[in-house]
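Read the figures in this text as sums done on the coordinates, not as results from a lab. All values derive from a computational prediction rather than experimental measurement. A quick note on method: Cβ atoms are made from the backbone with ideal geometry, for glycine too, and the neighbour counts reach across all protein chains shown.
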Amino acid sequence: MSGTLVMARLTVREAARRKLLLALLIITIVVITVTVWGFWRLFQLTLEPAGSRDYLSPVEFRAFASQILITVMFLFTFVLALSSVFTASPSIGGELESGVALAMLTRPISRAEIVLGKWLGFAVLAAVYVAGAAGVEFILVNWVTSYMPPHPFQFIAYMVGVTWTVMTFTLLLSTRVPSIAGGIIGLGAYGLAWMGGIAYSAGIVLHLSAVETAGNITRLLFPSDGLWHGAIYALEPAVIIAGLAGSGRARAANPFEATAAPPPAYLAWCVAWVVVVLGLAVWSFRTRDV
Amino acid sequence: MVALDGLTMEVGRGEVFGFLGPNGAGKTTAVKMLVGLTRATSGRGTVLGAPLGDIGVRRRIGYLPELFRYQGWMTAYEVLELHCELARVPRPDRRKEIEAALVTVGLAARAHSRVETFSKGMQQRLGLGVALLGSPELVFLDEPTSALDPVGRRDVRDIIHALKARGTTVFLNSHLLSEVERVCDTVAIVDRGKVVARGALDDLLGGGGVRLRVADLDGRVDTLARFGEVSRDGDWISITGTPAEAVPDVVAAVVGLGGRVYAVEPRHQTLEDRFLELLGGEGEPA
């Protein structure tokens, strides 16, 4: 087995053995149980006699359901971003500080294989978690309400992209910055990107070109929020998108709306960004004395 | 900050080599360069014929770092298994390699315990086991006995003797000079990044000597000069350069000259004496 695969498997085993996966599983089961119950209660309202006070029309239900689902998925994204930051930030620097890495680094394995292996391990964990958590949520919601968001697979791909962005950046930090500082910077960057996304949409809606530019630069420098907006778009039914388009300035500064999917050029930029940041992480670790 | 400056030395294959120096002399930095963890800003070196940092040569070396830890969430067996994979030990040989390492370092009974439950001494034993995997041609041991009790120290000596017997080169950093004296063939003493003495242990320590407390030998002391360099301090006569097997002859000569012998102390310079002498009495052994 190549060094990269050995390290990837070690990363996954560590996450499982140190109860990270168990913790995520418990949080996810609680969130899914509570939200599916909520969806079921909401769906009951569509069965009320039409015209009664509590009656919810199918269109209203879809609008509600999509918005609630976006909020639930934001919770998943947040948990995942936190998990990515706090597992990736000590993964290289922490192992150097503790001495765990010393004996491994003198084996016939390159530093590039170590960084790529860890990245691969985290990337697989994130993808499996996103697909599992979002997939189960969608299936159960569909089971109790017959509602399915318009583009579930695209949504999963965007969410995986958000996680990989945060994780790759934190992994780069971990090659040079002490664990705690790396975690704080990684989380700070994620938060700033989120604020940048709000600034971007506010700038567009309110015609504040400087604010729009600042937001756009943020989206390019740290693309987690740009991808998150792609994820939102994939969950929005046509009725919501039409409503948003017609709501003018009222939609300004709403971080849970998106009126368009990210253009292909932006997606290409995101892919290139992850590749470049990962390359920087490899270079940074290779040139570091231990 | 300059850690090493003009460090020049050579270790022969099959030698047990002791690398000594005071705290901060650059010993660990030198080892880190040799195993490829740190790069030298200038100069060059080879390990097993390959340039420093060569990835291929790492298959043939074992390393016990000075400050280390292994994955606490793994068992000792799993740590060794991981290092077998990383060291590219062929899959069919792994089980045998791991079990042999566990027996050698005395951890067979704890093979399936998590490393986080191990004492420091047991972790050091595990570190030694990791360094021995894959029958390396060269083993770097940085302070291998620092956390061990007397039994553990004896075990490490036995391991080093066994490594030597099978032709493995051992590069030993140790602050325990008595340990180095007991296992090493050659020694280098480093101070402020430079090697201040290097050679076979016997050469470095000089010949032996004997010290006698003698009465009634006035004026005839000089006739003992054939045994070595003679010096006198009251009743005590010191002869340096006398091999241990010549001590009875010295005593016989003193008695033959009419001297009355009250005490005989065969002695040789210890590594600690030599170490302190070379460093001008400064710094503590490290």
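Go ahead and run the numbers for FRET between B:Arg59 and B:Arg166, Cβ-Cβ distance against an R0 of 22 Å, rounding to 0.05. Display every interim value, and only then the final one.
Values: r = 17 Å, r/R0 = 0.78.
Here the calculated transfer efficiency is 0.80.
Rounded to whole Å and ordered largest first, report the semi-axes of the equivalent ellipsoid of chain B derived from its Cα gyration tensor (root of 5λ). Walk me through the numbers before you get to the answer.
On the way: eigenvalues 401, 96, 51 Å².
Sorted largest first and rounded, they come to 45, 22, 16 Å.
Please check: in the Gaussian network model of chain B (C-alpha springs, under 10 Å), which one of B:Phe118, B:Phe275, B:Phe140 has the largest mean-square fluctuation.
B:Phe118
Give me the one-decimal nm value for the distance between modelled label points at B:Val2 and A:Ser146, 7 Å along each residue's Cα-to-Cβ direction.
8.4 nm
If r is the Cβ-Cβ distance from A:Ile217 to A:Val275 and R0 is 22 Å, what FRET efficiency results, to the nearest 0.05?
Calculated transfer efficiency: 0.65.
By DSSP, what percent of the beta bridges with both residues in the protein assembly as shown are antiparallel, rounded to the nearest 5?
60 percent
Report, in debye and to the nearest 20, how large the dipole of the range A:184-290 comes out about its Cα centre when Lys and Arg carry +1 and Asp and Glu carry -1 on their Cβ. Could the numbers behind the result be given before it?
Values: 5 positive and 5 negative charges, 25 e Å.
Here the range A:184-290 has a charge dipole of around 120 debye.
Go ahead and estimate [θ] at 222 nm for chain B from helices alone: -39,500 (n - 2.57) per DSSP H run with n ≥ 4, summed, over the residue count, rounded to 500.
-9500 deg cm²/dmol
Work out the length of the dipole vector of chain A about its Cα centre, built from +1 on the beta-carbon of each Lys and Arg and -1 on the beta-carbon of each Asp and Glu, and round it to the nearest 20 debye. Before the final figure, lay out the partial values.
Numbers: 17 positive and 13 negative charges, 135 e Å.
About 640 debye.
With both bridge residues required to lie in chain B, what share of the DSSP beta bridges run antiparallel, to the nearest 5%?
60 percent
Give me the compactness ratio for chain A, meaning the Cα radius of gyration over 2.2 N^0.38 Å.
Against the compact-globule rule of thumb, the ratio is 1.10.
Going by alpha carbons, how many degrees (0 to 90, nearest 10) lie between the helix axis of A:209-221 and the longest principal axis of chain A?
In chain A, helix A:209-221 runs at an angle near 50 degrees to the longest axis.
Distance between Cα centroids, the range A:49-122 to the range A:192-251: provide it in whole Å.
Result: 21 Å between the Cα centres.
By a straight-distance test (C-alpha under 19 Å), which lysines pair with B:Lys27 as possible cross-link partners, with residues fewer than eight away in the same chain excluded?
Counting by Cα, and skipping residues close in sequence, B:Lys27 has these lysines nearby: B:Lys194.
State to the nearest 20 debye the size of the charge dipole of the range B:16-203 about its Cα centre, where the only charges are +1 on K and R beta carbons and -1 on D and E beta carbons.
Numbers: 26 positive and 21 negative charges, 82 e Å.
Rounded to the nearest 20 debye, it is 400 debye.
So how far apart, in nm, are the two label points at B:His112 and B:Ser135 if each is 7 Å from Cα heading toward Cβ?
2.9 nm
Among A:Met104, A:Met73, A:Met167, determine the one that fluctuates most according to a GNM of chain A built with springs between C-alpha atoms less than 10 Å apart.
A:Met104
Any chance you could run the full-extension gain for A:Ala23 through A:Ala260? It's 0.36 nm times the residue separation minus the Cα-Cα distance, nm to one decimal.
Extra length available between A:Ala23 and A:Ala260 comes to 81.8 nm.
Given the options A:Phe169, A:Phe122, A:Phe153, state which has the largest fluctuation in a GNM of chain A using a 10 Å cut-off (strictly under) for Cα springs.
So, out of A:Phe169, A:Phe122, A:Phe153, the one fluctuating most is A:Phe153.
Which FRET efficiency value, to the nearest 0.05, is calculated for A:Arg41 and A:Ala242 with the Förster distance at 22 angstrom and r the Cβ-Cβ distance?
Computed FRET efficiency for A:Arg41 and A:Ala242 comes out at 0.25.
How far is helix A:20-45 tilted, in degrees, relative to the longest principal axis of the Cα atoms in chain A, given as a value from 0 to 90 rounded to the nearest 10?
The angle comes out near 10 degrees.
For every other residue with a beta carbon closer than 11 angstrom to the beta carbon of A:Leu21, add +1 if it is Lys or Arg and -1 if Asp or Glu, then tell me the sum.
Summing Lys and Arg as +1 and Asp and Glu as -1 gives +3.
Hey, what angle do you get for helix A:111-145 against the long axis of chain A, alpha-carbon based, 0 to 90 degrees rounded to 10?
Helix A:111-145 and the main axis of chain A meet at about 20 degrees.
What is the local net charge at A:His229, summed over the other residues whose Cβ is closer than 10 Å to its Cβ (Lys, Arg +1; Asp, Glu -1)?
On the way: positive: A:Arg219; negative: A:Asp225, A:Glu257.
Residues near A:His229 contribute -1 overall.
So, counting K/R as plus one and D/E as minus one, what does the shell of residues with Cβ under 9 Å around B:Gly21 add up to? Working shown, then result.
Details: positive: B:Lys27, B:Arg192; negative: B:Asp191.
Surrounding charge for B:Gly21 is +1.
Just to confirm my numbers, what's the Cα centroid distance between the range A:152-175 and the range B:9-51 in Å?
Centre-to-centre distance over Cα atoms comes out at 41 Å.
How far, in nm, would the chain grow between B:Asp185 and B:Glu272 when pulled straight, counting 0.36 nm per residue and subtracting the alpha carbon separation?
Between B:Asp185 and B:Glu272, full extension yields 29.7 nm more.
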